[in-house]
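J.: Input: one structure, supplied below.
The values are calculated or read from the model by the stated rules, or taken from the named source; none is laboratory data. Since this is a predicted model, take the numbers as computed values, not measurements. Backbone-built Cβ (ideal geometry, glycine too); neighbour counts: all protein chains shown. Just so you know, the surface numbers come from the protein's heavy atoms only, side chains and all, with ligands and any DNA or RNA stripped out. Shrake-Rupley method; radii C 1.70, N 1.55, O 1.52, S 1.80 Å.
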Amino acid sequence: MAEARVAGGGCCPPMDLFRSEAMQLVQLIIPIESAHHTVSYIGDLGHVQFKDLNADKSPFQRTYAAQIKKFGEMARKLRFFKEQMEKAGVTPSTKPMTQTEIDVDDLEVKLGEFEAELVEMNTNNEKLQRSYNELVEYKLVLNKAGGFFSSAFSSATAQQKEIESQQTGEESLDTPLLQDREISIESSKQVKLGFITGLVSKEKSMLFERIIFRATRGNVYTRQAAVEEPVIDPVSGEKVEKNVFVVFYSGEKAKTKILKICEVFGANRYSFTEDFGKQVQMISEVSGRLAELRTAIDAGLLQKSKLLQTIGDQFVQWNTLARKEKSIYHTMNMLSLDVTKKCLVAEGWSPVFATNLIQDALQRAAFDSNSQVGTIFQVLHTSESPPTYFHTNKFTSAFQDIVDAYGVAKYQEANPGVYTIVTFPFLFAVMFGDWGHGICLLLAALVFIIREKKLSGQKLGDITEMTFGGRYVILMMALFSIYTGIIYNEFFSVPFELFAPSAYACRDLSCRDATTVGLIKARPTYPFGVDPVWHGSRSELPFLNSLKMKMSILIGVTQMNLGIILSYFNAAYFRNSLNVWFQFIPQIIFLNSLFGYLSLLIILKWCTGSQADLYHVMIYMFLSPTDELGENQLFPRQKTVQLVLLLLALVSVPWMLLPKPFLLKMQHQARQGESYMPLQSTEESLQLEANHDSHGHEEFEFSEVFVHQMIHTIEFVLGAVSNTASYLRLWALSLAHSELSSVFYEKVLLLAWGYNNIIILAVGAIVFIFVTVGVLLVMETLSAFLHALRLHWVEFQNKFYEGDGYKFYPFSFASVNDEVE
């Protein structure tokens, strides 16, 4: 989206990510006759964010409400056409068409005619399709129910012959006397049964039969037969598995109950005759009618497809025009109509670099609209804070989005996005460092980058779209992970002698893999990264563990110092000398008197090979600063240096707390007599008024300012300790990632390899791949990403970044085209 925001224009703005583009508030006085062309050309340019000068009016009270309604209706028709094309499988033409002038009124009439024609076609097609589906069901009823009656007739004929043969034959002594009586009753009192036929949903068929049985107290006889294939229901238009049913009943009350039950269950009823000759005739008629309807439906679909193809050839052009025109009139509704009703007054923000481009566009609009008067362009002076505009590309936009998710930079505030490009993937890699896993991430990122043109035009799922948007972030994380993985000497937790053999060798037989006993240095120091002999179970805890922990502290202190230095740049840029003297200086002194000194001791210990206990040094620096250091001394006069640093740290706290509130009070009192301040240049006036607005135009409350400064001081002092400790998550997650990788390698892959069985080895390899992808490449990646995000948002950005600005959203047709695509 960041690329789309800056599209358009005759030239590109300067690539300055450190500070947002210089902005200006402009006013345009536009003649009515050229208003449409002017707004259109500004939309093509995409460098003006208009202010709504009619915020007190409802949408229906604005000047161009009728035009917006008109183009909204056109957009609705175009959405209807798009839905119809998607259903019919017609793809809108994406071929570039010749740019012909389209009359909006003619297009409105044409769209209305197309819509009426399509609606009529759909209505006729629905009627034909419903009749066709009803006849299909009717034919199934004729076939299935005809089979019921045919089998029943055959059974009855055979039973009648058997009865007649028994009556004419000699009676047996074993024949019950009651049989003669039953036969005589059946022949003398025959009951005429009615029946109902139809189809019911297969999943409801058993319940349907049970309800009918209970409602009629069992005085029915029901037969059902399943239809082999699903049929399209005439009412819902969906494919449903159904059963053909025949219900025999006696009496009108039973019939009424059965009909109501059929309605409740959505059973479609069809008439049926017992006459076999009529059944054959009806089947023949239904088959002929089905053939006729099929022909009519196919002809209608062909005609509809041709119409949709005609629409599809120009759909993109029409849709773009409708959206553009609607956005133009929506923007014109934000402009104020002059009392003479002969011109529109517009106000908005634009980058300073785009001034000449905007003026050229205004001149072209006046010429093309044959306006006698040109648009007046002038810059306004204001104390209002301008929007923030960073010109980003597809690489930098994802990193800028990471910063903007925390808060949009205030106008001209130092942008953390510049440093995030490097520091974010680096902190991620410190926790994720494994060059085997880094290669897997790199391959995934390259797949997205190589196919970005194809994927950018497709609809992706939420997770896939988010991953695709951060493809360059993943690329940088992968590259840094490979780098730190080589330093850690870990390839899926396995060390390799990449650059040279290990510098150590076993002196005697007492040397084992689990200890360093018996190891001696036999070769030159390993040239890059960790020596393979120190990896794995061999003395990892005292070496790699200590290395990662101390490296986390060094990284944390360095990044926090960077944040404080950026706060100085902000204060110097906005000419806020109080923040320079009473925020930047005491903060940098406090932080480095304690944790900067700790970082220096870590480096000295590495360089000298000293066995000094740094925990003891730092703790007793506070508890017993005058005691002798003894064997923990790393350099001469270390005790004196520690006393000086401790004194500076103590002094810096009241330095941050006390002077600034009193100086602000003195400044406010000095400004009390001032009711006017001369303006210099546009940019200087914006900066100076933004600084003095909060103090010069509001009542000064010394108690509130003092409490605020006290809170800020306490937050920094406590935060310096907690934030340094928070950077230890780099060590913790790196250790966890390494241990998990080692466990999966040793307890899954090596364990399966030890069985010397091809099946167990294959299963072990598959399990190893799945746990590596699922846990180490997905869950661990997400975990390291979130922790790197936390370190940037909280530990780094809270030192200098306010993030209370708002984005620059210019009126641009580029965003309209993105929506069309």
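J.: Condition check: open to solvent by less than 50 Å² (accessible area, probe 1.4 Å), farther than 30 Å from residue 22 by Cα and among the aromatic types (Phe, Trp, Tyr). Does residue 796 satisfy that?
T.: no
J.: Here's another thing I want to ask about it. Residues in the range 3-43 that are of a type outside the set (A, V, I, L, M), surrounded by 18 or more Cβ atoms within 10 Å (Cβ to Cβ) and modelled with pLDDT of 50 or more: how many?
T.: So the count comes out to 12.
J.: Is the range 427-439 home to any residue that is in contact (Cβ under 8 Å) with a residue 60 or more places away in the chain, open to solvent by less than 10 Å² (accessible area, probe 1.4 Å), assigned to a helix (DSSP H, G or I) and aromatic (Phe, Trp, Tyr)?
T.: Within the range 427-439, one or more residues are in contact (Cβ under 8 Å) with a residue 60 or more places away in the chain, open to solvent by less than 10 Å² (accessible area, probe 1.4 Å), assigned to a helix (DSSP H, G or I) and aromatic (Phe, Trp, Tyr).
J.: Any residue that is among the small types (Gly, Ala, Ser), in contact with a helix residue (DSSP H, G or I) (Cβ under 9 Å, 6 or more places away or on another chain) and open to solvent by 40 Å² or more (accessible area, probe 1.4 Å) - is there at least one of those in the range 263-270?
T.: Yes: one or more hits.
J.: Further question: Could you figure out which of (1) surrounded by fewer than 16 Cβ atoms within 10 Å (Cβ to Cβ); (2) at pLDDT 90 or above isn't true of residue 458?
T.: Of everything listed in (1) surrounded by fewer than 16 Cβ atoms within 10 Å (Cβ to Cβ); (2) at pLDDT 90 or above, residue 458 misses just condition (2).
J.: Also, I was wondering about something else. Residues in the range 770-787: is at least one free of Cβ contacts under 8 Å to residues at least 12 places away in the same chain, out of contact with any Gly (no Cβ under 8 Å at 6 or more places or on another chain) and either closer than 30 Å to residue 655 by Cα or among the aromatic types (Phe, Trp, Tyr) (or both)?
T.: The answer is yes, given that some residue of the range 770-787 is free of Cβ contacts under 8 Å to residues at least 12 places away in the same chain, out of contact with any Gly (no Cβ under 8 Å at 6 or more places or on another chain) and either closer than 30 Å to residue 655 by Cα or among the aromatic types (Phe, Trp, Tyr) (or both).
J.: Check the range 469-476 and report whether any residue there is free of Cβ contacts under 8 Å to residues at least 40 places away in the same chain and either buried (at least 20 other Cβ atoms within 10 Å of the Cβ) or farther than 30 Å from residue 568 by Cα (or both).
T.: Taking every residue of the range 469-476 in turn, at least one turns out to be free of Cβ contacts under 8 Å to residues at least 40 places away in the same chain and either buried (at least 20 other Cβ atoms within 10 Å of the Cβ) or farther than 30 Å from residue 568 by Cα (or both).
J.: Could you grab me the full set of residues in the range 319-354 that are under 30 Å from residue 90 (Cα atoms) and open to solvent by 10 Å² or more (accessible area, probe 1.4 Å)?
T.: Within the range 319-354, 319, 320, 321, 323, 324, 325, 326, 327 meet the criteria.
The rows are residues; the columns are (1) in a helix (DSSP H, G or I); (2) more than 30 Å from residue 659 (Cβ to Cβ); (3) not assigned by the TED database to the domain that holds residue 709.
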position	(1), (2), (3)
589	yes, no, no
599	yes, no, no
605	yes, yes, no
612	no, yes, no
634	no, yes, no
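J.: For the condition at pLDDT 90 or above, open to solvent by 60 Å² or more (accessible area, probe 1.4 Å) and within 30 Å of residue 467 (Cα to Cα), what is the one hit in 786, 733?
T.: 786
J.: Only one of (1) open to solvent by less than 50 Å² (accessible area, probe 1.4 Å); (2) of a type in the set (D, E, K, R); (3) closer than 27 Å to residue 223 by Cβ is not met by residue 134, so which one is it?
T.: Condition (1) is where residue 134 drops out.
J.: Looking at (1) buried (at least 20 other Cβ atoms within 10 Å of the Cβ); (2) part of a helix (DSSP H, G or I); (3) of a type outside the set (S, T, N, Q), which is the only condition residue 405 fails?
T.: Of (1) buried (at least 20 other Cβ atoms within 10 Å of the Cβ); (2) part of a helix (DSSP H, G or I); (3) of a type outside the set (S, T, N, Q), only one is false for residue 405: (1).
J.: Could I ask something else about it? For residue 264, all conditions in the list (1) more than 17 Å from residue 144 (Cα to Cα); (2) in contact with a strand residue (DSSP E or B) (Cβ under 7 Å, 6 or more places away or on another chain) hold save one; what is the number of the exception?
T.: Of everything listed in (1) more than 17 Å from residue 144 (Cα to Cα); (2) in contact with a strand residue (DSSP E or B) (Cβ under 7 Å, 6 or more places away or on another chain), residue 264 misses just condition (2).
J.: Which residues, taken from the range 297-316, are open to solvent by 40 Å² or more (accessible area, probe 1.4 Å) and either of a type in the set (Gly, Ala, Ser) or under 19 Å from residue 101 (Cβ atoms) (or both)?
T.: The answer is 299, 305, 313, 314, 316.
J.: If I go through the range 76-96 residue by residue, how many of them are within 27 Å of residue 330 (Cβ to Cβ), touching a residue at least 60 places away in the same chain (Cβ under 8 Å) and surrounded by 15 or more Cβ atoms within 10 Å (Cβ to Cβ)?
T.: 6
J.: Still on this structure: Taking the range 384-396 only, how many residues are among the hydroxyl-bearing types (Ser, Thr, Tyr) and buried (at least 21 other Cβ atoms within 10 Å of the Cβ)?
T.: Going through the range 384-396 one residue at a time, the tally reaches 2.
J.: Can you name the residue in the range 708-726 that is among the hydrophobic types (A, V, I, L, M, F, W, C) and open to solvent by 70 Å² or more (accessible area, probe 1.4 Å) and, of all such residues, is farthest from the chain's Cα centre (by Cα)?
T.: Applying the filter and picking the extreme gives 710.
J.: May I pose another question? Please give the number of the condition residue 668 fails out of (1) open to solvent by 40 Å² or more (accessible area, probe 1.4 Å); (2) closer than 23 Å to residue 713 by Cβ.
T.: Result: residue 668 fails condition (1) only.
J.: Can you name every residue in the range 477-502 that is closer than 11 Å to residue 528 by Cβ and either in a helix (DSSP H, G or I) or β-branched (Val, Ile, Thr) (or both)?
T.: Scanning the range 477-502 gives 483, 486, 487.
J.: Among the residues in the range 597-610, are any at pLDDT below 90 and surrounded by 15 or more Cβ atoms within 10 Å (Cβ to Cβ)?
T.: For the range 597-610, residues at pLDDT below 90 and surrounded by 15 or more Cβ atoms within 10 Å (Cβ to Cβ): present.
J.: Could you tell me which numbered condition residue 493 fails, if it satisfies all but one of (1) within 21 Å of residue 545 (Cβ to Cβ); (2) open to solvent by less than 30 Å² (accessible area, probe 1.4 Å); (3) modelled with pLDDT of 90 or more?
T.: Residue 493 satisfies all of (1) within 21 Å of residue 545 (Cβ to Cβ); (2) open to solvent by less than 30 Å² (accessible area, probe 1.4 Å); (3) modelled with pLDDT of 90 or more except (3).
J.: Now for a separate question. Can you name every residue in the range 51-60 that is surrounded by 10 or more Cβ atoms within 10 Å (Cβ to Cβ) and either at pLDDT 90 or above or of a type in the set (Lys, Arg) (or both)?
T.: 51, 52, 53, 54, 57
Every residue, every condition in (1) without any contact (Cβ under 8 Å) to a residue 24 or more places away in the chain; (2) among the polar types (S, T, N, Q); (3) surrounded by fewer than 16 Cβ atoms within 10 Å (Cβ to Cβ); (4) under 30 Å from residue 412 (Cα atoms), yes or no:
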| residue | (1), (2), (3), (4) |
| --- | --- |
| 564 | no, no, no, yes |
| 585 | no, no, no, yes |
| 595 | no, no, no, no |
| 613 | yes, no, yes, no |
| 620 | yes, no, no, no |
| 627 | yes, no, yes, no |
| 630 | yes, no, yes, no |
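J.: For the range 745-783, what are the residues that are exposed (fewer than 13 other Cβ atoms within 10 Å of the Cβ) and among the small types (Gly, Ala, Ser)?
T.: Answer for the range 745-783, where residues must be exposed (fewer than 13 other Cβ atoms within 10 Å of the Cβ) and among the small types (Gly, Ala, Ser): 754, 762, 774.
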